[in-house]
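Please treat every number below as a calculation from the coordinates, not as lab data. Note that this is a predicted model, so its numbers are computed, not measured. Virtual Cβ from ideal backbone geometry, glycine too; neighbours counted across all protein chains shown.
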Amino acid sequence: MAMNRRSFLKRASHVAVVAGLAWPPRSRSAEPKGAGKTASSLPIVDTHQHLWDLSKFKLRWLSPPLDRSFTPKDYREATQGLNVVQAVYMEVAVPPEQRVQEAEYVIALCQESGSVTRAAVIAGSPADEDFPQYIGRFQGSPCIKGVRGSFSSPEQMSDKQTVRNLHLLSNLGLRFDLNVPSSSLAEAAHLVDQCPDTRFVLDHCGNPDPVAFFPAGRAAPRQSQHSPEQWKRDIRMLGAKANVICKISGLVSRVPEVRLTADDLAPIIHHCLNAFGPDRVVCAGDWPVCLRGMPLRDWINLLKSVVAGRPEQDQRKLFHDNAVRFYDLS
């Protein structure tokens with residue numbers, strides 16, 4: 001059954017699951033043998049950095065605490081002491097008529113001496129007929145690494161024009177970010193199958209609802225909306241595809257009613273790490289959207305505590321090395 005745009009996008013931002021899933025007390029540690037300890041001084045590449053200046057751009061989706069400008073200066077303050085050495089800017093859903101302006105803004109930012117922002121994923125609609133003309137103007141830019149765009153319905157992911165334009169991204173050496181509701185992960189996997197030469201990024205762990213994975217006895221502020229098994233199955237399906245990587249991000253803002261803990265999120269994080277393997281996962285801050293749940297520093301420290309039991313080499317890949325390789329950063 002077709003889903004209208006409003007319902008689809010609402011489910012993309014308010015995803016949830018049914019039935020709590022107990023997690024063993026040692027859930028913060030991964031299970032592989034030969035585990036190490038968290039290296040607090042690991043360099044970090046933040047692969048999902050939002051910035052916006054409301055004197056330049058119109059953002060119609062903002063609500064407290066996000067209804068103000070968030071600048072590079074604010075980001076430097078938010079990351080102080082975290083050893084963030086590079087960041088990849090992520091588009092912020094400006095109106096379509098401002099997309100070129102947004103891209104030019106972030107290209108200039110990447111070119112500034114001393115800027116931690118070194119690359120960008122810009123907005124674009126691969127279902128649009130004029131997408132080739134739009135993306136063609138950025139061909140060869142060393143700063144533009146990929147595109148993210150929403151779909152008005154799950155069916156649009158299988159549209160011939162969408163598939164054709166995603167093949168074009170492959171020819172241009174660009175990536176595509178998949179940011180879809182967890183209920184549409186199967187359709188996303190089908191889209192990936194049709195574009196085997198295109199590199200995809202699964203945003204925000206596939207948008208699960210943390211409520212579904214709360215430990216036994218943990219009070220939930222609401223009912224979850226999809227089965228944890230459905231999300232786990234679809235993540236395994238996407239993880240089996242070599243041209244997809246997964247961003248470990250976007251979790252702490254999904255249940256603003258409560259302060260999420262490492263035990264709440266460990267089942268989600270570990271499942272993604274296991275499904276995609278140590279070479280196809282990257283750390284992402286999702287700042288300032290993460291402020292709906294907690295400061296960026298708290299999210300990064302929470303993630304470090306969850307993966308502390310994994311080999312230190314794998315931690316380094318998650319926080320730094322994979323992103324450098326995937327985004328061709330220097």
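Given +1 at the Cβ of Lys and Arg, -1 at the Cβ of Asp and Glu and no other charges, the dipole of the chain around its Cα centre is 600 debye to the nearest 20. Sparse packing (at most 13 other Cβ atoms within 10 Å of the Cβ) combined with a DSSP loop state is found for the following chymotrypsin sites (Phe, Trp or Tyr not before Pro) in segment 50-153: 61. For trypsin sites (Lys or Arg not before Pro), the sites in segment 186-265 that DSSP calls loop and that have at most 14 other Cβ atoms within 10 Å are 222, 259. Rg and Dmax, both from the Cα atoms of segment 69-125 and both in Å, are 12.0, 37. Build a GNM of the chain with springs between Cα atoms under 10 Å apart, and of 277, 309, 81 the one that fluctuates most is 81. Per residue of the chain, the DSSP helices (runs of n ≥ 4 H) give a summed -39500 (n - 2.57) that works out to -9000 deg cm²/dmol at 222 nm. Using a 4.7 Å Cβ-Cβ cutoff, the cysteines of the chain lacking any partner cysteine are 195, 205, 246, 272, 283, 290.
Averaging the Cα positions of each part gives two centres, and for segment 268-330 and segment 87-131 these lie 23 Å apart.
Sequence-ordered 3J(HN,Hα) estimates for segment 46-55 from the Karplus curve with 6.51, -1.76 and 1.60 and θ = phi - 60° stand at 7, 8, 8, 10, 9, 9, 7, 10, 6, 7 Hz, glycine and proline given as x.
Under a Gaussian network description of the chain, with springs only between Cα atoms under 10 Å, the residue in 195, 246, 283 that fluctuates furthest is 195. Overall shape of segment 44-326 was characterised from the C-alpha gyration tensor. The equivalent ellipsoid obtained from it has semi-axes of 27, 23, 19 Å, in decreasing order.
Which of 153, 182, 41 ends up with the largest GNM mean-square fluctuation for the chain, with Cα atoms connected below 10 Å? Taking springs between Cα atoms under 10 Å, the residue moving most is 41.
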